[in-house]
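Below: one structure, written as structure tokens.
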Amino acid sequence: MQFKPIKPRKIYEQIVEQIKAMITEGNLKPGDRLPSEREMADRLKVSRASVREALSALHLMGLVEIKSGEGTFIKQTSIDSIIEPLALVLLMERDTVIEILEVRKGLEVEAAGLAAMRRDEEDLAKMREALDEMKRDVDQSEIGEKADWKFHYTVAQASQNVLLTRLMNTVSDTIENTMRTSRQKLYSTERMPQTLLDAHEGIYEAIKNGDSMEARKRMFEHLLMVENNMISE
């Protein structure tokens, strides 16, 4: 058994943790103004320099907004502030395609399950429209990537989970940018367009029937097949 030495935490880090905990617990809400540096230093029994360092760290994290002459305020965190940094990381990490495909399974399988429980007639109509476009592409021997993506996007929208939908968009955009050739090869493989269409039809029927377990199963099998074909070359 080997113990690791305990590293003393810097004072500003402890201040950051306190404020983050207050935000998490709801004691500090977006728009709330923090006390002045002097008041915080007095309450915490620390130097103003430590408080200033903590506020700078919170600002870099995107948790507070420092307004000159007005003070420091808890910042409203938007979905974009979470998604955009992730999109940049995924775009630069081009050697993690397999991991990205695995993440896509996790997101879209759950999206299908939620869609089966929450979809409405408009969602089903959009899915049907995308499937009809895919069928026309199959009949005309054309690559059906756009209709394919339209179907998956509609399923995500039907989940009624905005964050899940945005995350799925980010992952799918990265796949498109890094594996465009593989995707085109997938669609040009003999009988693959019809196989993909049949898989999407199965997902649609499960969602239409409100069968969340079957929808998840069908989506997982479809994405696993796509993944295996895209990375087998």
request  = Can you work out which of the residues in the range 127-144 that are out of contact with any Leu (no Cβ under 9 Å at 6 or more places or on another chain) and of a type in the set (Asp, Glu) is least open to solvent (accessible area, probe 1.4 Å)?
outcome  = Glu133
ask   = Can you tell me which of Leu58, Leu44 is closer than 22 Å to Glu25 by Cα and touching a residue at least 40 places away in the same chain (Cβ under 8 Å)?
value = Leu58
query = Among the residues of the range 29-66 satisfying the criterion of being small (Gly, Ala, Ser), in a loop (DSSP other than H, G, I, E, B) and within 26 Å of the chain's Cα centre (by Cα), which is nearest to Val16 (Cα to Cα)?
reply = Gly62
query = Out of Gln184, Gln194, which single residue is modelled with pLDDT of 85 or more and over 22 Å from the mean Cα position of the chain (by Cα)?
reply = Gln194
key: Selection status of Lys75, open to solvent by 60 Å² or more (accessible area, probe 1.4 Å), touching a His at 6+ places or on another chain (Cβ under 9 Å) and at pLDDT 75 or above   = yes
task = Sort through Leu44, Leu63 and tell me the only one that's modelled with pLDDT of 90 or more and either among the acidic types (Asp, Glu) or closer than 18 Å to Glu13 by Cα (or both).
result = Leu44
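The values are calculated or read from the model by the stated rules, or taken from the named source; none is laboratory data. Not measured: the values here are computed from a predicted model. Don't worry about glycine lacking a Cβ; one is built from the backbone with ideal geometry, like all the others, and counts go over all protein chains shown. SASA here: full protein model, heavy atoms, side chains in, ligands and nucleic acids out. Shrake-Rupley method; radii C 1.70, N 1.55, O 1.52, S 1.80 Å.
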